[in-house]
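A short worksheet on the structure shown next.
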Number of protein chains: 2
Amino acid sequence: VGGSSKSDSSGVSNSGESSKESSRCSTPVLDADRTDRLRDKMKRRIESGDHWFSLEFFPPRTASGAVNLISRFDRMGSGGPLFIDVTWHPSGDPGSDKETSSMMIASTAVNYCGLESVLHLTCCNQTKEKITAHLNKAKRLGLKNIMALRGDPIGEDWVEEDGGFNYATDLVKHIRCEFDDYFDICVAGYPTGHPEAESYDNDLRHLKEKVDAGAHFIVTQLFFRAETFLRFVKDCRAIGITCPILPGIFPIQGYHSLRQLVKLSKLEVPEEIMQVIEPIKDNDAAIRSYGIQQAVEMCKVLLASGEVPGLHFYTLNREVATIEVLRQLGLWAEDPRRPLPWAVSAHPKRKVEDVRPIFWASRPKSYIYRTQDWDDFPNGRWGNSSSPAFGELTDYYLFYLKSKSPKEALLQMWGEELMNEGSVYEVFTNYITGQTNPSGHKVMCLPWNDDALAPETNLLKDELEKVNRRGILTINSQPNINGKPSSDPIVGWGPAGGYVFQKAYLEFFTSSENVTALLQVLKKYEPRVNYHIVNVQGKNITNAHEMQPNAVTWGIFPGREIIQPTVVDPVSFMYWKDEAFALWIEQWVKLYEDESPSRMIIQYIHDNYFLVNLVDNDFPLDSCLWQVIEDMFALLDSPRATQEEGSQS
Amino acid sequence: VGGSSKSDSSGVSNSGESSKESSRCSTPVLDADRTDRLRDKMKRRIESGDHWFSLEFFPPRTASGAVNLISRFDRMGSGGPLFIDVTWHPSGDPGSDKETSSMMIASTAVNYCGLESVLHLTCCNQTKEKITAHLNKAKRLGLKNIMALRGDPIGEDWVEEDGGFNYATDLVKHIRCEFDDYFDICVAGYPTGHPEAESYDNDLRHLKEKVDAGAHFIVTQLFFRAETFLRFVKDCRAIGITCPILPGIFPIQGYHSLRQLVKLSKLEVPEEIMQVIEPIKDNDAAIRSYGIQQAVEMCKVLLASGEVPGLHFYTLNREVATIEVLRQLGLWAEDPRRPLPWAVSAHPKRKVEDVRPIFWASRPKSYIYRTQDWDDFPNGRWGNSSSPAFGELTDYYLFYLKSKSPKEALLQMWGEELMNEGSVYEVFTNYITGQTNPSGHKVMCLPWNDDALAPETNLLKDELEKVNRRGILTINSQPNINGKPSSDPIVGWGPAGGYVFQKAYLEFFTSSENVTALLQVLKKYEPRVNYHIVNVQGKNITNAHEMQPNAVTWGIFPGREIIQPTVVDPVSFMYWKDEAFALWIEQWVKLYEDESPSRMIIQYIHDNYFLVNLVDNDFPLDSCLWQVIEDMFALLDSPRATQEEGSQS
């Protein structure tokens, strides 16, 4: 986005599990009132016969691996998983604050990607205090679901400890004892019996104990034949296990990963599969293709059995094979319905959040980060007094807010050497048009926009190109919409049968000369156009004198109140201003050497340009904002205007 | 109104003084934050050079006089007075709870008619405790302004009391001392000097004392020559009185009332006026016409002087002459802008109120009465948990909620003798069409609608007539509106430059046979149409399963949040149901003798009919509600349907 759009182009959503459902009361719903538990979502889906899928990931090893995994969350989240889960490896400091810890990855999935998430937790060789501390931290971070596991003993000579955690059952009991009903608990099932269990029957009894201790659902170890799972379910039901049992699906993605997994899990690969794979073991593409086909066939049998409400995928942190299996099964949400025009955070505290300032439209994670300490959220309303303080700008620079591109790539996109302000105009223009720059590179992102242009913004492409070329450096925009169906693939959001609306919005940096002319022109557009114009020092010019928010996106739905999820809020604009100006420095200036002309050009823009936002209130008419800009240039081009301008300044 | 409309047809509003201005915060603004003081309104109007008028009334002598006066408040309120004031007569028990007391009349003007009001208060021969009690009561009732007067001493032998209230100045000081800055205070000025003052200059000094003690503006005694007032203002300014001084205007309305007033106020009528009046003293029309002309001429001089920000009218509780003077001066708001589609109460506590259930659209005073004890109001939101309890139905039967028509008139309209349910259908139909009934009378009101059909409802007249004729007894309705300008004379409301929207709404009583067929038909209209169907026992059938409110009127305005002032709220519908059914009994059944057939017919309807409301959510399309009703009749008319119905019941 970037000259650009309000929509989180990843389209992340809890598809079909709108977290809006219970957010329309006048007082915030706090933790105590949680009505959107994972177990309840499962229950509803089972009752309506609506199959789901879930995705398992393991924590990454490096920070850049974490950045990649999180953008994978965004992409795979758009397909509509009911939940994702993150594994726990005691040797990897899984409960720490490191960017790569299980705890932080799961927290990011919940808070920033809006995904219902399950955090694994193993108890073997752990003290109760340590476990309780992990659980408290998880709760504080907004995690609501735990996969309770024993974990692998460290060393060969593991013996049961009295009063310690010897089995997952102990952990389940501990969670229920210390946290009552707060967490939804998942436990593991072994369709062929746990490798260390005395017998299959004995293992089944262990599973029954885990469920009886308070687990809410079961995810199974992977298996290779549908009948293995179906017999297991039958056996579970026979001994009185009634909770959902989700089959663990492992699409074979390569010969070596299969070998390794089989070794770790002590599973046997059936003869019929080995016979196909062995001959093609060096042909990755062929194996992947077979793996997809095999998984699809097995899943079809499982779903057809009527015993399987949802499928759990071991993704190995890859996306291609799993998505392809889900596509072929018809479970992947091709056109995810957005409950709101922005990605809803899955943190229980943020459930009531149903309005945000438009400014962070292209940086939603930054908005979530900077508002994470709020006690409650403007519940459909922004008033003068209702904007709590935003988190400090100085510490917002989290790893997942950094650009994903390395410095060299940024220089290639934004210019190894800038000649003048015009060079900057060119970068913005190339971002809009998607054309390659003189050095042959496409501008895929800008400091204010991590991703390529949103589909909605494409509607404005020609106009945006024209104005960027002349130094109206657009960083956010949306077209006016006068009642399109809520199912519209580009601008739609919210429940079926509704209508969505927008006021045209345009936000850009531009020179003080332009601003002088613009202010002259804007007099003609009162009260149709609202504006806020501010420079880095905070000099603020506006015609919104009451400091009231202006609703710029809203929806009307059957049997509901009006929802107005996006506003131009004068109070938060001053916080956004700091961030928007800082991005010139943090992301662009720092690419260049001290005292270099390129550096001085960006610094000059940072110091002297204004940040402008314009709203055309007359949403049923064609947007007048382009005419405003055109009038501004006409005034600048006329000799008389230059005189007037001179006499004003 | 009666098959019928959501709008308070009186169009009462604080025209130009929208009480919406400061109501868009997320927390209710309580008394302490009052920003809409009368003094501030005056200041803004003076700054913008926008002349105002105000109206003085005296309390009525009888309950039926009170009912008439209050409907006069509604009518005269629509012309846009800045405030009204109510006089205080110590001999008339002015502070009591009687329907006719100054206190209750002023309270009604504030709370039910939405008028900024000034309560007079005299202090002569009163204890401080008594005065404080009056002021506390006034504050509790939502009154914010006091006209502080000495009042006439009782008996001839009045002497000053030490420590008592001897002058209005004492009262002003007492109010400021006991209530700090809470009340805005007005005092009286005498352009020719108070009749009991030692001298004109002495009286001016008294006035200065009153202002210095804390009064905010001055209203003068009546006078007959503009120069009298202008000299008075000049003299006031000369001794340092700087607050607004409003001339008291008395349009001569009759020979005898003029004589009486002159006697009471010890004023002299100028020779040139007496010369005109004496010869026509028996011709009321001629005198009134002269009085209007004389007042208009004088007011023109006053306004042209630049010394007069507003005109204060002594109405003598009549409306024709004052309205005519105001019309000729161009001060009467011919097309009052409604800040919201319903009349906003002027009680400071209700400032934040910006949403109401549609059900009381034709009975807004009843809604205000039944919600008067609420601590706060749903601030733009109705959620399951946010509807406080409604006041009891048993005590809602205030004098000003009773029908204004005497029993005989009601019988003439609603039928001396009813033959069957069809007779009732005819009454409803005649109300809609405006045609006379067989006994030659027009049906001007119904129990659910005090007034004639609203202009908006006229848009639906043909359809309403058709369905009422067949037993769909409509009591409330609104057409769908897809973005009409907020200035639209019929459906517009809110600030300039906005757009208003509505979902089509229809509410009616109908037989259980009809309801059975209707429910059958409504399946075809899911989820387009939301319905609530309930009988007097509270049997409730609905497809709005989440008990969420459905916004049915909303507006989009420049630089603002969305305003959604009218909702179909399932929770409050159950309170309205009790009221709606009770009106059959209270207002209609009671007209007839015990055991009479007429009585039994209405009682039967009360006991057996259902109250139905329908919302068509698809506001951009033509309303489908008429088609729903037509389908219902088609189903009832088909032989097969009758069988189905039989097998269902």
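The values are calculated or read from the model by the stated rules, or taken from the named source; none is laboratory data. This is a predicted model, so every value here is computed, not measured. Quick reminder, even Gly has a Cβ in these numbers, built from the backbone with ideal geometry, and neighbours come from all protein chains shown. We work out accessible area using only protein heavy atoms, side chains counted, and drop any ligands, DNA or RNA first. Shrake-Rupley method; radii C 1.70, N 1.55, O 1.52, S 1.80 Å.
For A:Val534, the requirement of being open to solvent by less than 10 Å² (accessible area, probe 1.4 Å), in contact with an Asp or Glu (Cβ under 7 Å, 6 or more places away or on another chain) and β-branched (Val, Ile, Thr) is not met. Considering the stretch B:542-555, and only residues there that are facing chain A (nearest Cβ under 7 Å) and in a strand (DSSP E or B), the residue that is farthest from B:Asn482 (Cα to Cα) turns out to be B:Asn550. Any chance the stretch A:257-278 includes a residue that's more than 30 Å from A:Gly497 (Cα to Cα) and either of a type in the set (Phe, Trp, Tyr) or at pLDDT 95 or above (or both)? Scanning the stretch A:257-278, I find no residue that is more than 30 Å from A:Gly497 (Cα to Cα) and either of a type in the set (Phe, Trp, Tyr) or at pLDDT 95 or above (or both), so the answer is no.
One line per residue, one yes/no per condition, for (1) in contact with a Cys (Cβ under 8 Å, 6 or more places away or on another chain); (2) free of Cβ contacts under 8 Å to residues at least 60 places away in the same chain; (3) within 24 Å of B:Pro309 (Cα to Cα); (4) buried (at least 22 other Cβ atoms within 10 Å of the Cβ):
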site	(1), (2), (3), (4)
B:Cys177	no, yes, no, no
B:Leu204	yes, yes, yes, no
B:Ala213	no, yes, yes, no
B:Pro251	no, no, yes, yes
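Scanning the stretch B:345-354 for residues that are under 30 Å from B:Phe581 (Cβ atoms) and either touching a His at 6+ places or on another chain (Cβ under 6 Å) or buried (at least 24 other Cβ atoms within 10 Å of the Cβ) (or both) returns B:Ser345, B:Glu353. Taken together, the residues in the stretch A:556-568 that are surrounded by fewer than 24 Cβ atoms within 10 Å (Cβ to Cβ) and more than 7 Å from every other protein chain (Cβ to nearest Cβ) amount to 1. Please go through the stretch A:445-466 and pick out each residue that is in a helix (DSSP H, G or I), open to solvent by 10 Å² or more (accessible area, probe 1.4 Å) and farther than 22 Å from A:Leu410 by Cα. Correct list: A:Pro455, A:Asn458, A:Lys461, A:Asp462, A:Glu463, A:Lys466. If the condition is being within 13 Å of another protein chain (Cβ to nearest Cβ) and in contact with a strand residue (DSSP E or B) (Cβ under 9 Å, 6 or more places away or on another chain), then the stretch A:506-530 contributes A:Tyr525, A:Arg528, A:Val529, A:Asn530. Out of all the residues in the stretch A:315-338, is one or more among the basic types (Lys, Arg), buried (at least 21 other Cβ atoms within 10 Å of the Cβ) and part of a loop (DSSP other than H, G, I, E, B)? Yes: one or more hits.
Among the residues of the stretch A:111-136, those that are open to solvent by 40 Å² or more (accessible area, probe 1.4 Å) and either modelled with pLDDT under 95 or outside any helix (DSSP H, G or I) (or both) comprise A:Asn125, A:Gln126, A:Thr127, A:Lys128, A:Glu129, A:Lys130.
Residues in the stretch B:96-110 include none that are of a type in the set (D, E, K, R), under 20 Å from the mean Cα position of the chain (by Cα) and at pLDDT 95 or above.
Number of residues in the stretch B:511-538 that are in contact (Cβ under 8 Å) with a residue 24 or more places away in the chain, within 36 Å of the chain's Cα centre (by Cα) and not in a helix (DSSP H, G or I): the value is 11.
Within the stretch A:496-505, not a single residue is touching a strand residue (DSSP E or B) at 6+ places or on another chain (Cβ under 8 Å) and more than 14 Å from chain B (Cβ to nearest Cβ). Taking B:Glu198 as the residue in question, decide whether it is of a type in the set (Asp, Glu) and not assigned by the TED database to the domain that holds B:Arg318. So B:Glu198 fails the test. Scanning the stretch A:77-89 for residues that are at pLDDT 90 or above and either out of contact with any strand residue (DSSP E or B) (no Cβ under 6 Å at 6 or more places or on another chain) or in a loop (DSSP other than H, G, I, E, B) (or both) turns up A:Gly77, A:Gly79, A:Gly80, A:Pro81, A:Leu82, A:Thr87, A:Trp88, A:His89. Which residues, counting only those in the stretch B:405-441, are surrounded by fewer than 15 Cβ atoms within 10 Å (Cβ to Cβ), over 19 Å from B:Asp594 (Cα atoms) and within 26 Å of the chain's Cα centre (by Cα)? Correct list: B:Pro406, B:Ala409, B:Gly434.
Selection of the stretch A:215-224 for residues being in contact (Cβ under 8 Å) with a residue 60 or more places away in the chain, under 16 Å from A:Leu302 (Cα atoms) and open to solvent by 10 Å² or more (accessible area, probe 1.4 Å) yields only A:Phe224.
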